[in-house]
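The next block holds one structure in the form of structure tokens; read it before the comments.
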Amino acid sequence: MSSGNVTVMAITEFVIGGFDTVSNPVTIGIVMMVIYALVMVANMANICFIALDKRLHKPMYLLVCNLAVVDMVYSSSCSPTMIGVLIAGVKTIAYVPCFLQMFAFHLGGVMEMFAIAGMAFDRLVAVSSPLRYHSILTNVRTLLLMFSLWVVACAFVAVLPGTVIPLPYCKTTLPYAFCDYAALVRATCVDPNYYFFLVTVITFLLLFSTFSFIFLSYLKIVFAIFKMSSKTDRKKMYSTCFSHLIVVVCYYVPMFVRIVLTRLGVQLTKEERHGLLIGAILGPSLINPIVYCFRTKEIKNKILKIFTKVEPVD
């Protein structure tokens, strides 16, 4: 079927063409597969440690579990596809799985922001109202908060497939690493500028609102810590908040680097764009559980108890 000079196609599958010019694809695929396996093992371990220890059934650790689930969703949304393309050369993906992948990928990205913001809120309450912390943030309220964040994230992300699914398609090859919104819009027969503007507005709204909330929260936390009279309490709060700040930096810095480079008009090659994107997905997902394993006393003690004969750290 044709419309003017444009041929509209009935799409049953897409071809992932983003790695066609990559040198040593198998080597890159194996590295990605190892990192992805570590991401899944580390996050599953964090969830298991917390789920099996009733002493860790507290708001902060529920939020850590939520972040682990988000990391697994985010990395799993696209990593298996990229690994399959690089190692096995399986470049095709069916129509419906492609859209499901797009939804899962962007949901994971939005939930990363929400999960980190939720953890900043937890630390803000713990530092600014320590005596009322357990009455303000109960386990039930924390679970309701997490559920609400997932619902809101799904509502935001539903806009993407809702706008792109009805469009006519003229291409089956996606010059991208996997199925995301930009890849699918580029495959349509329409002018993509409106759709890119739409997703840019949503991205900036979510990115800067969550980052502003986190920044202001930690600003208030710093002032509250300075007012503490006990050096022991200050040291404990510094240690806990530093773990969260590592997570914030690992997620937002690559995001802002991509935005700044784009706005400055820096022309990146396809390989550089894909490398930056893959690093932004797998990097935080791997670092986050490691941070909480080695900087959270209760989880670190549990690991020491399981794998060594070293006495737990007080």
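The values are calculated or read from the model by the stated rules, or taken from the named source; none is laboratory data. Given the structure is predicted, the values throughout are model-derived calculations rather than measurements. So basically every Cβ, Gly included, is an ideal-geometry build from the backbone, and we count neighbours across all protein chains shown. In case anyone asks, the SASA skips ligands and DNA or RNA and just uses the protein heavy atoms, side chains included. Shrake-Rupley method; radii C 1.70, N 1.55, O 1.52, S 1.80 Å.
Every residue, every condition in (1) open to solvent by 50 Å² or more (accessible area, probe 1.4 Å); (2) at pLDDT 90 or above; (3) among the aromatic types (Phe, Trp, Tyr), yes or no:
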{"residue": "Val185", "(1), (2), (3)": "no, yes, no"}
{"residue": "Ile202", "(1), (2), (3)": "no, no, no"}
{"residue": "Thr210", "(1), (2), (3)": "no, yes, no"}
{"residue": "Lys220", "(1), (2), (3)": "yes, no, no"}
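Candidates are the residues of segment 73-89 that are within 17 Å of Ile281 (Cβ to Cβ) and either in contact with a helix residue (DSSP H, G or I) (Cβ under 6 Å, 6 or more places away or on another chain) or acidic (Asp, Glu) (or both); the one that is most open to solvent (accessible area, probe 1.4 Å) is Val73.
Does Val164 fit the bill of being within 21 Å of Phe14 (Cα to Cα), without any contact (Cβ under 8 Å) to a residue 24 or more places away in the chain and surrounded by 15 or more Cβ atoms within 10 Å (Cβ to Cβ)?
Working: within 21 Å of Phe14 (Cα to Cα): yes; without any contact (Cβ under 8 Å) to a residue 24 or more places away in the chain: no; surrounded by 15 or more Cβ atoms within 10 Å (Cβ to Cβ): yes.
In short, no.
Restricting attention to segment 77-94, does a residue exist that is under 30 Å from Ser212 (Cα atoms), out of contact with any Pro (no Cβ under 9 Å at 6 or more places or on another chain), assigned to a helix (DSSP H, G or I) and at pLDDT 90 or above? So far as segment 77-94 goes, yes, one or more of its residues are under 30 Å from Ser212 (Cα atoms), out of contact with any Pro (no Cβ under 9 Å at 6 or more places or on another chain), assigned to a helix (DSSP H, G or I) and at pLDDT 90 or above.
Every residue, every condition in (1) polar (S, T, N, Q); (2) farther than 18 Å from Pro175 by Cα; (3) buried (at least 16 other Cβ atoms within 10 Å of the Cβ), yes or no:
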site: Val31; (1), (2), (3): no, yes, no
site: Ala37; (1), (2), (3): no, yes, no
site: Val41; (1), (2), (3): no, yes, no
site: Phe49; (1), (2), (3): no, yes, yes
site: Arg55; (1), (2), (3): no, yes, no
site: Asn66; (1), (2), (3): yes, yes, yes
site: Lys91; (1), (2), (3): no, no, yes
site: Gly118; (1), (2), (3): no, yes, yes
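So that you can scan it fast, the table gives a plain yes or no per residue for (1) closer than 17 Å to Leu124 by Cα; (2) modelled with pLDDT of 80 or more:
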position	(1), (2)
Phe242	yes, no
Val247	yes, yes
Glu272	no, no
Ala280	no, yes
Lys300	no, no
Lys309	no, no
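Exactly one condition in (1) open to solvent by less than 10 Å² (accessible area, probe 1.4 Å); (2) among the hydrophobic types (A, V, I, L, M, F, W, C); (3) touching a residue at least 60 places away in the same chain (Cβ under 8 Å) is false for Val70; which is it? Only one criterion is unmet by Val70, namely (3).
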